[in-house]
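Q: Can you keep this structure in mind? I'll have questions shortly.
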Amino acid sequence: MIGFIKKDLLMIKSNFKLLGILIIVYAIMGLMGEIDVSFILPFMSVMVMISTFSYDAYNNWDAYSISFPDGRKNNVKGKYIATILMTIIVTIITLLLSFIISYVNTKTINFEETLVSMFGSLFGTLLVLSFTYPIIYKLGVEKARIAIFLIVFGFIFLITLLSSYINIEFIAKSLSFLENYLIIILTLIMIIMVYISYKISEKIFSKKEF
Amino acid sequence: MENVLEIKNLCKKYDNFELKNVTFNLPKGMIMGFIGENGAGKTTTLKLILNIIKSNSGEIKIFNQNIKNDKNIKEEIGVVLDDIFFPEILTPNDINKIMKGIYKSWDTSLYYNYLKQFSLLTNKQIKTFSKGMRKKLEIITALSHHPKLLILDEPTSGLDPIARAEVIEIFQNFIENEDCSILLSSHITTDLEHIADYITFINDGKIILSKTKDEILDEYGIVKCTEKEFSKINKQDYVKYKKTKYEYEVLIQNKKEFKTKYDIKIIDKITLDDLMILMIKGEE
């Protein structure tokens, strides 16, 4: 299984240059106060991971991987673990970058605020991952792009529609007693979300034919 | 003789193609050439063996174990499939790092020896390789964990004659170890005439014959005769025939018996190409 994780990380390595350039560009923009880096970089890591699916598809890697010992299981497992590792690494880099930017701009470091915004972006990243990967495994990366696009817009539309009928402030107030446990709750949700997504992808891939 | 691969009544149905009751065995220590025209079902059969696709019915046993016992079996199999490989942004060095984490028996020094032997650069992305170089890398990758069974789909296609000779030599060296066997599909039947012990011929999803190469080359023959001579041959004494501009080419299955029955003494030796063409294109 380690081989499968390595494969994805080595593929990302060949994109390191691009990633490095983007980090520098975002860092400069962050220093200029143009953007909040904490939201961009982790999200970018998922985009890089999704690009590995394109390379996989181009050379029919999925079919090849099944010829390896326990290939059907390890293909999916490797992809998820590599993605999580990648997300953690990028999150750490972003966190350091955020501290530096915050220090340079304001001469102080606001640990709590930075950590909270990082946590939010990590949650968003894993939400996107959990949602996207099973669709990619089911439809293939090309068709999945369109499906994901449609679903995301459908979701936004639905939320917008619902928000005009639902009193969000009321919900926020009635849930305010959870505030102290928010990080724990969100962490649990993240773990469950990724696990369910992994299980769905594994199931899809176990039946897939090439 | 012990079989490394046993396939029994294997069926797979698609909308426009069907694999029907495919049955054959590959004995240990042998090279089997798997021949047939494009779309006959060779790749489908190989993919079924590897569990890349799933059969509708039938049984596949490798090393006497059902292929559902995936993990142990695949540790011992090396695979080269057409247009199926590592993502091309990886390098041969990357492949080594990855395979070390996939096969327990991955042999780094053997892999690098092969790379050196075939003059393949270790730090270049696969996408910079020519088709022939890529094929060689695929073969090297399949061989470097000391598999006991090689499953190869068109491994010599796209290779120039010299590279083909090199690759075939590697297969011959591989088979010198009596525990090792190869199932090899190929269009290039001359390669198979050199190295194969067994030939299995598939046409339109059905196995037409599966015998030792020597049996085929000894038993089958081509009779070239006039229309008048052909009219005297009983239908049960030939397999297929083809009418050319000047003569009839008749594929027969039992040279000895034919010689005793008919007054036609010149029976040409058959090549696998002739056999394929007459079997597929010939009339009954």
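Q: Taking 35 Å as R0, compute the FRET efficiency from the Cβ-Cβ separation of B:N66 and B:E193 and round it to 0.05. Walk me through the numbers on the way to the answer.
A: Numbers: r = 34 Å, r/R0 = 0.96.
In this case the efficiency is close to 0.55.
Q: Same structure, new question: How far, in degrees from 0 to 90, does helix B:108-117 lean away from the longest principal axis of the Cα atoms of chain B, to the nearest 10?
A: 60
Q: Multiply the residue gap between B:S109 and B:Q253 by 0.36 nm, knock off their C-alpha separation, and tell me the result in nm, one decimal place. Don't skip to the answer; put the middle values down first.
A: Working: separation 144, 0.36 × 144 = 51.84 nm, distance 4.83 nm.
Extra length from B:S109 to B:Q253 when fully extended: 47.0 nm.
Q: If you find the alpha carbon centre of segment A:1-43 and of segment A:60-103, how far apart are they in angstrom?
A: So the separation of the two Cα centres works out to 12 Å.
Q: Still on this structure, I have one more. Among B:A142, B:N56, B:N25, pick out the residue whose Cα is farthest towards the positive end of the charge dipole of segment B:3-210, where Lys and Arg carry +1 and Asp and Glu carry -1 on C-beta, about the Cα centre.
A: The one lying farthest along the dipole's positive direction is B:N56.
Q: Okay, moving on. Using the Cα centre as the reference, give the magnitude of the dipole from point charges on the C-beta atoms of segment A:14-108 (Lys, Arg: +1; Asp, Glu: -1; all else neutral), rounded to the nearest 20 debye.
A: So the dipole magnitude of segment A:14-108 works out to roughly 180 debye.
Q: Quick one: length gained pulling A:L182 to A:A147 fully straight, 0.36 nm per residue minus the C-alpha distance?
A: Numbers: separation 35, 0.36 × 35 = 12.60 nm, distance 3.14 nm.
Between A:L182 and A:A147, full extension yields an extra 9.5 nm.
Q: With labels modelled as points extended 7 Å from the Cα through the Cβ direction, what inter-label distance (nm, one decimal) is found for A:L175 paired with A:I92?
A: 3.1
Q: Loop-only chymotrypsin sites (Phe, Trp or Tyr not before Pro) in segment B:240-278, please: DSSP not H, G, I, E or B, and at most 10 other Cβ atoms within 10 Å.
A: Qualifying residues, ordered by number: B:Y246.
Q: From the convex hull of the Cα coordinates of segment B:220-281, what is the mean projected area in square nanometres? Each step should come with its number before you reach the end.
A: Values: hull surface 15.6 nm².
Its Cα hull, projected and averaged over all orientations, spans 3.9 nm².
Q: For chain B, what is the charge dipole size about the Cα centre, in debye to the nearest 20, if Lys and Arg each add +1 at the Cβ and Asp and Glu each add -1 at the Cβ?
A: Numbers: 42 positive and 43 negative charges, 104 e Å.
Dipole size: approximately 500 debye.
Q: Quick query: amide H of B:I67 versus all other amide H atoms, modeled in the peptide plane; which residues come in under 5 Å with a sequence gap of 5 or more or a different chain?
A: B:I60, B:I62
Q: B:F34's amide H: which non-local residues (gap 5+, or another chain) put their own amide H closer than 5 Å, with H modeled 1.01 Å from N in plane and none for Pro or chain starts?
A: B:L184, B:S185, B:S186, B:T200
Q: Further, regarding this structure: To one decimal place, what Kirkwood hydrodynamic radius in Å is obtained for segment A:48-149 from all pairs of distinct Cα atoms?
A: In segment A:48-149 this quantity evaluates to 15.7 Å.
Q: Please state the relative contact order of chain B as a whole percent: Cα pairs under 8 Å, 6+ residues apart? Before the final figure, lay out each step's value.
A: Working: 501 pairs, mean separation 58.8, N = 284.
Dividing the mean separation by the residue count of chain B yields 21 percent.
Q: To the nearest 10 degrees, how steep is helix A:16-31 against the longest Cα principal axis of chain A, on a 0 to 90 scale?
A: The answer is roughly 10 degrees.
Q: Against the globular-protein guess of 2.2 N^0.38 Å, express the Cα radius of gyration of chain B as a ratio, rounded to two decimals. List each step's numbers first, then the result.
A: Working: Rg = 21.0 Å, N = 284, 2.2 N^0.38 = 18.8 Å.
After normalising by residue count via 2.2 N^0.38 Å, the value is 1.12.
Q: Buried accessible area between A and B (1.4 Å probe, both chains summed, ligands and nucleic acids excluded), in Å² to the nearest 100? Could the numbers behind the result be given before it?
A: Working: alone 13270 and 14640 Å², together 25240 Å².
Between A and B, the summed buried area is about 2700 Å².
Q: Report ³J(HN,Hα) in whole Hz for each residue of segment A:45-54, in order, from the Karplus equation J = 6.51 cos²θ - 1.76 cosθ + 1.60 where θ = phi - 60°; Gly and Pro get x.
A: Whole-Hz 3J(HN,Hα) from phi for segment A:45-54: 4, 5, 4, 5, 5, 5, 5, 5, 5, 5.
Q: Write out the trypsin sites (Lys or Arg not before Pro) in segment B:218-284 meeting two conditions: DSSP loop, and at most 15 other Cβ atoms within 10 Å of their Cβ. Don't skip to the end; give the middle numbers.
A: Numbers: sites: B:K224, B:K228, B:K232, B:K235, B:K240, B:K242, B:K243, B:K245, B:K255, B:K256, B:K259, B:K261, B:K265, B:K269, B:K281; in loops: B:K245, B:K265, B:K269.
Counting only loop positions with at most 15 other Cβ atoms within 10 Å, the trypsin sites (Lys or Arg not before Pro) in segment B:218-284 are B:K245, B:K265, B:K269.
Q: Next question, about the same structure. Which whole-number percent gives the relative contact order of segment B:25-90, counting Cα pairs below 8 Å spaced six or more residues apart? Don't skip to the answer; put the middle values down first.
A: Details: 20 pairs, mean separation 8.9, N = 66.
After rounding, I find 13 percent.
Q: One-quarter of the Cα convex hull surface for segment B:1-121, in nm²? Kindly include the intermediate steps, with their values, before the conclusion.
A: Values: hull surface 37.9 nm².
The directionally averaged projection comes out at 9.5 nm².
Q: Angle between the Cα long axis of helix A:71-106 and the longest principal axis of chain A, 0 to 90 degrees, nearest 10?
A: 20
Q: May I have the pair-distance distribution P(r) for segment B:93-160, computed from all Cα-Cα distances with 5 Å bins from 0 and rounded to whole percent?
A: Each 5 Å bin holds this share of Cα pairs: 3, 17, 29, 25, 20, 6, 0.
Q: Sum -39500 (n - 2.57) across every DSSP H segment of at least 4 residues in chain B, then divide by the residue count to get the 222 nm mean residue ellipticity, nearest 500.
A: On the way: 11 runs with 98 residues, N = 284.
The helix-only estimate for chain B comes to -9500 deg cm²/dmol at 222 nm.
Q: Between B:T244 and B:T226, what is the spin-label point distance in nm, taking each point 7 Å from the Cα along the Cα→C-beta axis?
A: So the two model labels end up 1.7 nm from each other.
Q: Still on this model: How long, wide and thick is the protein assembly as shown, going by the Cα atoms along their three principal axes, in whole angstroms, largest first?
A: So the three principal-axis extents are 105, 54, 43 Å.
Q: Going by the alpha-carbon gyration tensor, a ≥ b ≥ c the square roots of its eigenvalues, is segment A:2-207 rounded (a/c under 1.5) or, if a/c is not under 1.5, prolate (a/b greater than b/c) versus oblate? Present the calculation step by step, with values, prior to reporting the outcome.
A: On the way: a/c = 1.93, a/b = 1.29, b/c = 1.50.
Taking the square roots of the gyration eigenvalues as a ≥ b ≥ c, segment A:2-207 is oblate.
Q: Going 7 Å from the Cα of B:K20 toward and past its Cβ, which residues in segment B:243-280 have a backbone nitrogen under 18 Å from where you end up?
A: B:279-280
Q: What distance in nm separates the two pseudo spin-label positions at A:I159 and B:I266, each 7 Å out from Cα along the beta-carbon direction?
A: The two pseudo-label positions are separated by 8.5 nm.
Q: Roughly how many debye, to the nearest 20, is the charge dipole of segment B:220-281 about its Cα centre, given +1 on each Lys and Arg Cβ, -1 on each Asp and Glu Cβ, and no other charges? Present the calculation step by step, with values, prior to reporting the outcome.
A: Values: 15 positive and 10 negative charges, 20 e Å.
Value, rounded to 20: 100 debye.
Q: Once you list every other residue whose beta carbon is under 14 Å from the beta carbon of A:F16, what net charge do they have if Lys and Arg are +1 and Asp and Glu are -1?
A: On the way: positive: A:K13, A:K17; negative: A:D8, B:D94.
Net local charge, A:F16 excluded: 0.
Q: Pick out, in residue order, every one of the GluC sites (Glu not before Pro) in segment B:234-269 that is DSSP loop and has at most 16 other C-beta atoms within 10 Å; say none if there are none. Intermediate results must be reported in sequence, preceding the final value.
A: Details: sites: B:E247, B:E249, B:E257; in loops: B:E247.
Here the sparse-neighbourhood loop sites are B:E247.
Q: Would you kindly derive the ³J(HN,Hα) couplings of segment B:259-269 from the backbone phi angles with the Karplus curve 6.51 cos²θ - 1.76 cosθ + 1.60 (θ = phi - 60°), listing them in order in whole Hz, with x for Gly and Pro?
A: Per residue, the Karplus-derived 3J(HN,Hα) values read 4, 6, 7, 10, 8, 9, 9, 9, 10, 6, 5 Hz.
Q: Moving on. Name the residue farthest towards the positive end of the dipole of chain A from the options A:L162, A:T187, A:L95, assuming +1 on Cβ of Lys and Arg, -1 on Cβ of Asp and Glu, about the Cα centre.
A: After comparing all options, I get A:T187.
The values are calculated or read from the model by the stated rules, or taken from the named source; none is laboratory data. Just so you know, these numbers come straight off a predicted model, no measurement behind them. Counting neighbours? That spans all protein chains shown, and the Cβs are built from the backbone with ideal geometry, glycine included. Accessible surface is based on the protein model in full, side chains and every heavy atom, while ligands, DNA and RNA are left aside. Shrake-Rupley method; radii C 1.70, N 1.55, O 1.52, S 1.80 Å.
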